[in-house]
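**Student:** Below are the structure tokens for one structure; questions will follow.
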Amino acid sequence: MSSRAFVFILPFAVIAMFWLMAKREGRQSNDPNHRSFFERNGTALSITFIALVAFWTLFLVSLPYLYMVVESFHPRLPPMQRGGPNDFLTIEQYKSFIITPTDGTLNTIHIWAFLTSILVSVAVTALNFAICYPLAFYMAQVGTAQKVRLLMLGLIVPYWVNEILRAFALRLLLASKGLINQALMGLHFTDAPIDFLGNNTGLYVGLSYAYLLVMIFPLYNAIESLDKNQVEAARDLGAPWWRIHKDVVMPYAKPGIASGCTMVFMLSAGSLAAPQFLGGPRTLWFTSIIYDFFFQNFNWPRGAAYAFILLAACIAFVMLMLRLFKVSLGETIR
């Protein structure tokens, strides 16, 4: 059996495993009043739930990644040679990330692009947290219901516009003859336009703005359930404001903080629109390299290997955040 055929067969095995888990749930419980998944929902509805969840998680999420991983261990071949004697498992696509295949030198360009993408994504995550945490705390613990609704509306309405259109709008604002530069020169703060796009300021602003909601809503949901009496008690005992947040609010909101940080980091590291439209001429984002391998060079195995390297880095960051905040994966998605 070929590796590619195995990828297509594996989802059916996982569906069968889901089915057996649901069937055996009732028998494994020691509580006589416990009802199994099928007893609670009925056979027809349970089968529908299992089929929909399996289809979504496997065919729309897991299967593309599995196929990508398998493809990354194959050489670049014309379609007619796929599955032939020249089609074998290899790690050459992963070696090409470190060593340039053409001349055998260190692949500093792609390594630097990868490190830059990771470090900038971490910085964007920290910036988003610094912006969203005070706002989320105000909405959850301080603001009146009317002000919270207005803030929610003000945050959500701009995101009705497509991400690409928002990136173009920011490009117009930050261009050399854009509104911001014209205002700065009109107020005599600068004598010449600032190259916001060339020095990557536009990229950082675009990434931070694109994923504000992804950070603020987990924080708001976590802080909103905190009993206000705990904050008042800490304030009555003389705790300064920074101590209240450090010892009361943040420990309680750890699942929301971990959830928001991981999502912002993964979306920033995997972003394509913002680097393409808001990056400068010297900007080299790792996802742009992956895009070029897939759709410009048609080197799918190497593009798949690079994509899996980025995925592994994102998974490592998620595990690090969970360990740093001492929360489980289940707590972050509640």
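**Student:** Enter the accessible area of residue 266 (Å², nearest 10), with the probe set to 1.4 Å and all protein chains included.
**Tutor:** My reading of the accessible area for residue 266 is about 80 Å².
**Student:** For residue 246, give me every one of the lysines with a C-alpha distance below 26 angstrom, ignoring sequence neighbours fewer than eight places off in its own chain.
**Tutor:** Correct list for residue 246: 147, 228, 254, 326.
**Student:** Let me check against my output: what whole-number percent is the relative contact order of the stretch 173-290, with C-alpha pairs under 8 Å and at least 6 apart?
**Tutor:** About 31 percent, as a whole number.
**Student:** Let me ask you something else. If you take the beta carbon distance between residue 201 and residue 82 as r and set R0 to 41 Å, what does 1/(1 + (r/R0)^6) give as a FRET efficiency, to the nearest 0.05?
**Tutor:** 0.35
**Student:** Let me ask you something else. What distance in nm separates the two pseudo spin-label positions at residue 150 and residue 296, each 7 Å out from Cα along the beta-carbon direction?
**Tutor:** For residue 150 paired with residue 296, the spin-label model returns 4.7 nm.
**Student:** Multiply the residue separation of residue 48 and residue 115 by 0.36 nm, subtract the distance between their alpha-carbon atoms, and state the gained length in nm to one decimal. Could you put the intermediate results ahead of the total?
**Tutor:** On the way: separation 67, 0.36 × 67 = 24.12 nm, distance 4.37 nm.
Extending this stretch completely gives an extra 19.8 nm.
**Student:** Okay, next question. Which distance in nm do the two modelled labels at residue 316 and residue 172 give, with both placed 7 Å along the Cα-to-Cβ direction?
**Tutor:** 4.1 nm
**Student:** Compute log10 of I(q)/I(0) for the chain with the Debye formula, placing one identical point scatterer on every Cα and leaving out solvent, at q = 0.14 Å⁻¹, to two decimals.
**Tutor:** Those come out to -1.28, one per q.
**Student:** Given +1 on the Cβ of Lys and Arg, -1 on the Cβ of Asp and Glu, and no further charges, what dipole in debye does the chain carry about its Cα centre, rounded to the nearest 20?
**Tutor:** 400 debye
**Student:** Compute the distance in nm between two label points, each set 7 Å from the Cα along the Cα-to-Cβ direction, one at residue 192 and one at residue 323.
**Tutor:** Once both label points are built, they end up 4.8 nm from each other.
The values are calculated or read from the model by the stated rules, or taken from the named source; none is laboratory data. Just so you know, these numbers come straight off a predicted model, no measurement behind them. Note that each Cβ is placed from the backbone with ideal geometry, even for glycine, and that neighbours are counted across all protein chains shown. Just so you know, the surface numbers come from the protein's heavy atoms only, side chains and all, with ligands and any DNA or RNA stripped out. Shrake-Rupley method; radii C 1.70, N 1.55, O 1.52, S 1.80 Å.
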